[in-house]
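Have a look at this one before I ask anything.
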Amino acid sequence: MYKKVYQLLGFIDLKHVIHPKWYATENFHGHYYLDSDVLEQYLSFRNDSMDYFYGEYIKSLGMLGKIIRLVCKFPGGQRLMGFVIKQSFLKEAQTEHGTVRFIKENMEAHIDAYWGSINKWESLPDDINEMEIYDDWDVPLHLEHGYDESKPEGELQLTDMKEAAKFRGGLCLSTSMTQGDWRGKLTFTCTFGHHFEASPRLILEGGHWCPVCERTSWNYAARAKVDPFFAQVWYPLHKEGEKEQEYPKIVSELNI
């Protein structure tokens with residue numbers, strides 16, 4: 001994306017504007033849902049292309065974009081404009097939530113979250129052209145949900161919910177359930193011993209699980225070790241045995 005945008009602004013080489021060590025390489029959102037195709041059938045929301053996005057971005061720059069393109073045509077222009085843009089990025093990266101600040105102040109928890117470890121950050125190249133770029137976008141990850149998803153909704157039973165709960169590292173404690181009832185609440189316990197109530201719809205289709213675990217912190221590394229369902233999305237991005245880190249939440253749903 002950066003390459004395309006900066007080409008439109010006249011930059012031939014990204015190294016003039018992008019410093020690899022200022023950008024997070026882990027734990028940020030960049031995904032799509034496989035059932036987006038189903039949603040498209042209902043809403044027809046896929047109306048714009050990436051070229052439309054690039055065009056609108058360049059248009060939003062107005063005269064600034066024209067000045068950048070002009071300067072980049074002169075000898076040394078790309079280096080000059082790249083320096084100006086980099087200084088703008090650096091200013092942001094040194095603010096309270098900036099990546100450069102995390103490194104400068106050796107904020108270990110933040111470094112682990114954004115890069116995996118200080119060693120991983122140090123191993124990043126200084127030249128964007130030497131960066132290993134992820135390009136495996138078209139390989140989908142189909143998640144298992146711990147029960148027979150081919151069943152019609154009306155056939156959902158308590159045994160299905162018990163299997164799904166076990167697949168999430170916990171238990172379904174309810175002793176009865178009306179077949180096909182996706183809205184009635186059942187009782188569960190997670191692997192860490194928290195008890196809670198939730199409907200099959202919330203668990204199986206909403207993707208929710210233990211509200212207590214999610215309330216005060218993110219303990220995803222510990223959870224992935226005991227929750228096969230969550231492990232499916234954790235281990236493609238993390239290695240087993242890497243340092244476990246728990247991140248406290250500043251705000252929980254109880255504060256809202």
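Search region 1-30 for residues being surrounded by fewer than 16 Cβ atoms within 10 Å (Cβ to Cβ) and closer than 24 Å to residue 220 by Cα, and hand back the single one that is modelled with the highest pLDDT.
24
Okay, moving on. Identify all residues within region 207-251 that are more than 23 Å from residue 111 (Cα to Cα) and outside any helix (DSSP H, G or I); write none if there are none.
Once the filter is applied, which keeps residues that are more than 23 Å from residue 111 (Cα to Cα) and outside any helix (DSSP H, G or I), region 207-251 yields 207, 208, 209, 210, 227.
Moving to a separate point now. Residue 204 - would you say it is aliphatic (A, V, I, L, M), within 20 Å of residue 185 (Cα to Cα) and assigned to a helix (DSSP H, G or I)?
Yes; evaluated as a whole, the condition is true for this residue.
Based on what the data block shows, is residue 151 among the basic types (Lys, Arg) and over 26 Å from residue 236 (Cβ atoms)?
yes
When the residues of region 75-128 are narrowed to those that are in contact with an Asp or Glu (Cβ under 8 Å, 6 or more places away or on another chain) and among the aliphatic types (A, V, I, L, M), which ends up farthest from residue 19 (Cα to Cα)?
This residue is 113.
Give region 1-60 a look and list any residue that's in a helix (DSSP H, G or I) and polar (S, T, N, Q), or say none.
Of everything in region 1-60, those that are in a helix (DSSP H, G or I) and polar (S, T, N, Q) turn out to be 7, 36, 41, 60.
Restricting the search to region 176-217, which residues are within 17 Å of residue 146 (Cα to Cα) and among the charged types (D, E, K, R)?
Within region 176-217, 201, 205 qualify.
Right, next: Considering only region 126-159, how many residues are farther than 27 Å from residue 231 by Cα, small (Gly, Ala, Ser) and outside any helix (DSSP H, G or I)?
Residues in region 126-159 being farther than 27 Å from residue 231 by Cα, small (Gly, Ala, Ser) and outside any helix (DSSP H, G or I): 0 in total.
May I ask you to verify whether residue 200 is surrounded by 14 or more Cβ atoms within 10 Å (Cβ to Cβ) and either closer than 22 Å to residue 35 by Cβ or modelled with pLDDT of 85 or more (or both)?
Taking the combined requirement at face value, the residue satisfies it.
While we're here: Which of the residues spanning region 109-159 are aromatic (Phe, Trp, Tyr) and surrounded by 12 or more Cβ atoms within 10 Å (Cβ to Cβ)?
The answer is 114, 115, 121, 147.
State whether the residues of region 144-153 include one that is among the basic types (Lys, Arg), more than 30 Å from residue 221 (Cβ to Cβ) and out of contact with any Leu (no Cβ under 7 Å at 6 or more places or on another chain).
yes
If I ask for residues that are assigned to a loop (DSSP other than H, G, I, E, B), surrounded by 13 or more Cβ atoms within 10 Å (Cβ to Cβ), out of contact with any Gly (no Cβ under 7 Å at 6 or more places or on another chain) and among the polar types (S, T, N, Q), which ones from region 160-195 would you list?
174
Taking residue 100 and the conditions (1) surrounded by 12 or more Cβ atoms within 10 Å (Cβ to Cβ); (2) not in a helix (DSSP H, G or I), which numbered condition does it fall short on, given that it satisfies the others?
Residue 100 satisfies every listed condition except (2).
The values are calculated or read from the model by the stated rules, or taken from the named source; none is laboratory data. Note that the structure is predicted; figures quoted are calculated from it, not measured. Positions of Cβ are generated from backbone atoms using ideal geometry, with glycine treated the same way; all protein chains shown enter the neighbour counts.
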